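Asks: One structure is given below, represented as structure tokens, and several questions about it will come after.
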Amino acid sequence: MKSFLILLACISFNCCTSKQKQIKQAVLKPQTSAKFVINYDSCKKSILLNKQKQKPLWHSLYKTTKEKIFTATVTETIIPAWIGTAWDFNGTTETPQHGHIACGYFVTTVLRDAGLNLSRVKLAQCASEQMITSLIQAKYISRFSNIAMEDFIQSIRKQGYGLYIIGLDNHTGFIYNDDNDIYFIHSTFVGTRNVQKDNAATNSILKQSKYKVLGKISSDEKVLERWIH
């Protein structure tokens, strides 16, 4: 891939294959306004349209390009709409900024709205490790027990850019490695008690969890194929 640019409210992906084919993906970002919900719905529709346009060329793209397209769709198009949405243990809202969302439902709703077909309710009610193993192949899953936070962050850096699902002792969310910083994106039950994008290295919930299960969903080729189709 020759370039990966984010411009204004759109994301364009310019990808060159060995045959010098070029594809472009424009994904609208949700806007925080009085028409917020309408914008979110339009965003989901734009993802569907863009996937339909990319299907004919998908097989010719490098896996790293597919991973960037999928990751950006989730992190730049769907997740920003949820930031600030209130947390509740029993929260099941499907609409950003309205009602409450529990941590498991946050993960499954985001993935579904980004275009991945899954059992939103069933997976959200699973233990986080079971949710991760149901979605991601074993070769992309790592487990950590009583690991120092510095070592855990270093492990994510070694695995590289992409989107991960993290399962903790009593919590779940996303890890996003943008190749510069590592973020923990979750519906938090402490502090602000809402959906937050935090610095992973300093997050108290991550630090205190003795057991961590990390699944790199953006690297799973089966997930990427399910997503595009």
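The values are calculated or read from the model by the stated rules, or taken from the named source; none is laboratory data. Since this is a predicted model, take the numbers as computed values, not measurements. Cβ sites come from the backbone with ideal geometry, for glycine too, and all protein chains shown count toward neighbours.
Asks: Taking the criterion of being among the small types (Gly, Ala, Ser) and more than 19 Å from Val107 (Cβ to Cβ), would at least one residue in segment 206-223 satisfy it?
Replies: No, segment 206-223 has no match at all.
Asks: Sticking with this structure for a sec: Would you mention how many residues in segment 53-81 are over 12 Å from the mean Cα position of the chain (by Cα) and in contact (Cβ under 8 Å) with a residue 12 or more places away in the chain?
Replies: 13
Asks: Take Phe189 and tell me if it is touching a residue at least 60 places away in the same chain (Cβ under 8 Å), outside any helix (DSSP H, G or I) and aromatic (Phe, Trp, Tyr).
Replies: Considered against the rule, which asks whether it is touching a residue at least 60 places away in the same chain (Cβ under 8 Å), outside any helix (DSSP H, G or I) and aromatic (Phe, Trp, Tyr), Phe189 comes out as yes.
Asks: Given the condition more than 22 Å from Gln196 (Cβ to Cβ), in contact with a Lys or Arg (Cβ under 8 Å, 6 or more places away or on another chain), modelled with pLDDT of 95 or more and surrounded by fewer than 18 Cβ atoms within 10 Å (Cβ to Cβ), answer yes or no: does some residue in segment 99-116 qualify?
Replies: Scanning segment 99-116, I find no residue that is more than 22 Å from Gln196 (Cβ to Cβ), in contact with a Lys or Arg (Cβ under 8 Å, 6 or more places away or on another chain), modelled with pLDDT of 95 or more and surrounded by fewer than 18 Cβ atoms within 10 Å (Cβ to Cβ), so the answer is no.
Asks: Residues of segment 129-153 being in a helix (DSSP H, G or I) and surrounded by 12 or more Cβ atoms within 10 Å (Cβ to Cβ), which ones?
Replies: Glu129, Gln130, Met131, Ile132, Thr133, Ser134, Leu135, Tyr140, Met149, Phe152, Ile153, listed by residue number.
Asks: Any chance you could count how many residues in segment 94-122 are in contact (Cβ under 8 Å) with a residue 12 or more places away in the chain, assigned to a loop (DSSP other than H, G, I, E, B) and either over 18 Å from His171 (Cα atoms) or among the aromatic types (Phe, Trp, Tyr) (or both)?
Replies: Matching residues across segment 94-122 total 11.
Asks: Within segment 156-180, restricting attention to residues that are part of a helix (DSSP H, G or I) and touching a residue at least 40 places away in the same chain (Cβ under 8 Å), which residue is surrounded by the fewest Cβ atoms within 10 Å (Cβ to Cβ)?
Replies: So the residue we want is Gln159.
Asks: Being crowded, with 21+ Cβ neighbours inside 10 Å, of a type in the set (D, E, K, R) and part of a helix (DSSP H, G or I) is true for just one of Glu76, Glu67. Which residue is that?
Replies: Glu67
Asks: Could you check Phe89 against (1) crowded, with 23+ Cβ neighbours inside 10 Å; (2) over 18 Å from Trp227 (Cβ atoms) and say which number it fails?
Replies: Checking Phe89 against (1) crowded, with 23+ Cβ neighbours inside 10 Å; (2) over 18 Å from Trp227 (Cβ atoms), the one that fails is (1).
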